[in-house]
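Colleague: Encoded as structure tokens, here's the structure I'll be asking about.
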Amino acid sequence: MNDAVSIAAAVRQDQVSAVEVTQAALARIAARNHQLNCFTAVTAESALADAARIDREIAEGNDPGVLAGVPFAVKNLFDIAGLTTLAGAKINAENPPATQDATAVAKLKQAGAVLIGALNMDEYAYGFVTENSHYGATHNPHDLQRVAGGSSGGSAAAVAAELVPLTLGSDTNGSIRVPAALCGVFGFKPTYGRLSRAGVALFSSSFDHIGPFAGSVRDIATAYDLLQGEDARDPVCTKRFPERCLPKLNQDISGIRIAIADNDFTQGAESEALAAVQQVAEALDITEFVRIPEAKRARAAAFVITASEGANLHLAKLRSRPQDFDPATRNRFLAGALIPSSWYLQAQRFRRWYRDRIREVFQNVDVILAPTTPISAPLIGQQTMILDGEEILVRPHLGIFTQPLSFIGLPALSVPIQRPNTLPLGVQLIAAPYNEALILRVAAVLEANSIISV
């Protein structure tokens, strides 16, 4: 009983108490977190108090929600009332505690979930490895010598290690999908603006998304449905009517047009990463390819925009306290601060053009398959890797297949592919904006046919 929906059902039916579930999660964290370094804070006291309240509600005949008693944790850039929001930074540790929960945290609590702590990440969400110089590296549960991915590494590793069944992370250029793939769990980035970012420390406002990690499609859909809804606290949060995905998971997918991303998405990766895509395609009987134009240029433009926006956000601290940044983060922000405004404007012009081209692609296809990462998890501290006979840097290239999709805010789910006795890999399911239900329906079929690792 490791999945969130089953835990909640057992708690509501009084088969197990929320306090017992919470105590078990705290025991798992106490036993394993010293090896994994997923958590930067464990909120044991408040978690047990919340669990006890849920048990009282059940005893009184009330239903505390669809996630009753489910332990969850969030990347430490989400505001948690009473905790200082670190966003992975040493500088932020000096800030006062948050006075209220982020909207996403509050929504899960309202559904009965029990917040159990904050999770490690790359500083200011600028990275793909969660090797944080201030709070330490998060280790991959499948091999402690390897990275968990990033920047939401703590969120992915906590689910993969079964410390908690559900976590939240953020995704700018791939920071949900990359760690999900490397840790072998589901990581969902909905359409840009679909979920509220109120109470979340931003990296690049025109890119940042939030989303859930879990070990099953049902848990992802449940969390996603709960997190939807307009929020006046987030100016980019959509007013579009929420689409409930959970009831649609078992619908027939025969009418969904699915194709494999061609061109730049079939190059620059280890053969195993491409084979994972083919494994999914064969399971779905997919032979069609679709060309996503100018993916490399989209990735370059994404680098320009995110570096510029991130640097501008932290410019004052870069000037006054450069020594207190993670050196890798500081150097990337400094480079971003030096980008000419003309480059930024041209990148945004290209972004509009690229959005129109991708809109044309989705006239002929509903869901696209692509690798999530070019390789499985590299070693902690590994600086370079060999791809297509060329030595390239690890950190920026882990997002080679995720950045072109974040660039225009497309919804994407990284699904963990069944690979016994070896390191995990993920495959992305991508759709046009606001078509999250299509993605989750396809993922549910893969899960039912044991293509996905569970």
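The values are calculated or read from the model by the stated rules, or taken from the named source; none is laboratory data. Note that the structure is predicted; figures quoted are calculated from it, not measured. Cβ sites come from the backbone with ideal geometry, for glycine too, and all protein chains shown count toward neighbours. Note: accessible area is taken over every heavy atom of the protein model, side chains too, but ligands, DNA and RNA are not part of it. Shrake-Rupley method; radii C 1.70, N 1.55, O 1.52, S 1.80 Å.
Colleague: Got a number for the accessible area of Thr103? Probe 1.4 Å, square angstrom, nearest 10.
Modeller: My reading of the accessible area for Thr103 is about 20 Å².
Colleague: Please report the carbon-and-sulfur percent of the accessible area for the range 302-454; probe 1.4 Å, protein heavy atoms only, DNA, RNA and ligands left out.
Modeller: 53 percent
Colleague: Can you grab the distance from the C-alpha centre of the range 309-356 to the C-alpha centre of the range 112-147, Å, no decimals?
Modeller: The two parts, judged by their Cα centres, are 23 Å apart.
Colleague: Note down the relative contact order for the chain as a percent, whole number, built from C-alpha pairs under 8 angstrom at least six residues apart.
Modeller: Working: 1069 pairs, mean separation 75.5, N = 454.
Normalised by residue count, the contact order of the chain is 17 percent.
Colleague: Oh, and also: Just subtract the alpha-carbon distance of Ala283 and Asp143 from 0.36 nm times their residue separation and send over the number in nm, one decimal.
Modeller: This chain segment gains 47.6 nm when fully extended.
Colleague: Now for a separate question. Pick out, in residue order, every one of the GluC sites (Glu not before Pro) in the range 32-82 that is DSSP loop and has at most 12 other C-beta atoms within 10 Å; say none if there are none.
Modeller: Glu60
Colleague: In whole angstrom, and with the biggest value first, how far do the Cα coordinates of the range 4-248 range along each principal axis?
Modeller: 47, 43, 37
Colleague: Once ligands and nucleic acids are excluded and a 1.4 Å probe is used, how much of Ser170 is accessible, expressed in Å² to the nearest 10?
Modeller: Its heavy atoms expose roughly 10 Å² to the probe.
Colleague: What whole-number distance in Å separates the alpha-carbon centres of the range 1-54 and the range 163-231?
Modeller: Between the Cα centres of the range 1-54 and the range 163-231 lies a distance of 20 Å.
Colleague: Right, another one. Residue farthest toward the positive end of the dipole of the chain, with Cβ of Lys/Arg at +1 and Asp/Glu at -1: which of Leu246, Tyr135, Pro378?
Modeller: Positive-end residue among those listed: Tyr135.
Colleague: Sorted by accessible area (1.4 Å probe), largest first, how do Lys239, Lys109 line up?
Modeller: Details: Lys239 165, Lys109 60 Å².
Sorted by accessible area, descending: Lys239, Lys109.
Colleague: Along the three principal axes, how long is the chain when you take its alpha carbons, biggest first, rounded to the nearest angstrom?
Modeller: 60, 58, 44
Colleague: Considering only protein heavy atoms, with the full assembly of protein chains and a 1.4 angstrom probe, order His397, His142, His209 by accessible area, largest first. Display every interim value, and only then the final one.
Modeller: Working: His397 45, His142 100, His209 5 Å².
My answer, sorted largest first, is His142, His397, His209.
Colleague: Further question on the same structure: Could you check the simple spin-label distance between Thr266 and Ala316, using points 7 Å along Cα→Cβ, in nm with one decimal?
Modeller: It is 5.1 nm.
Colleague: Over the chain, give the accessible area per residue in Å² for a 1.4 Å probe, as an integer.
Modeller: In whole numbers, the chain has 38 Å² accessible per residue.
Colleague: Counting each DSSP H run of 4 or more residues in the chain as -39500 (n - 2.57), what helix-only mean residue ellipticity at 222 nm follows after dividing by all residues, to the nearest 500 deg cm²/dmol? Don't skip to the answer; put the middle values down first.
Modeller: Working: 15 runs with 169 residues, N = 454.
About -11500 deg cm²/dmol.
Colleague: Further question on the same structure: Calculate what fraction, in whole %, of the accessible area of the range 4-248 sits on carbon and sulfur atoms when a 1.4 Å probe is rolled over the protein chains.
Modeller: The C+S portion of the solvent-accessible surface of the range 4-248 is 50 percent.
Colleague: Under a point spin-label approximation (7 Å from Cα along Cα-to-Cβ), what is the Glu230-Ile386 distance to one decimal in nm?
Modeller: 5.7 nm
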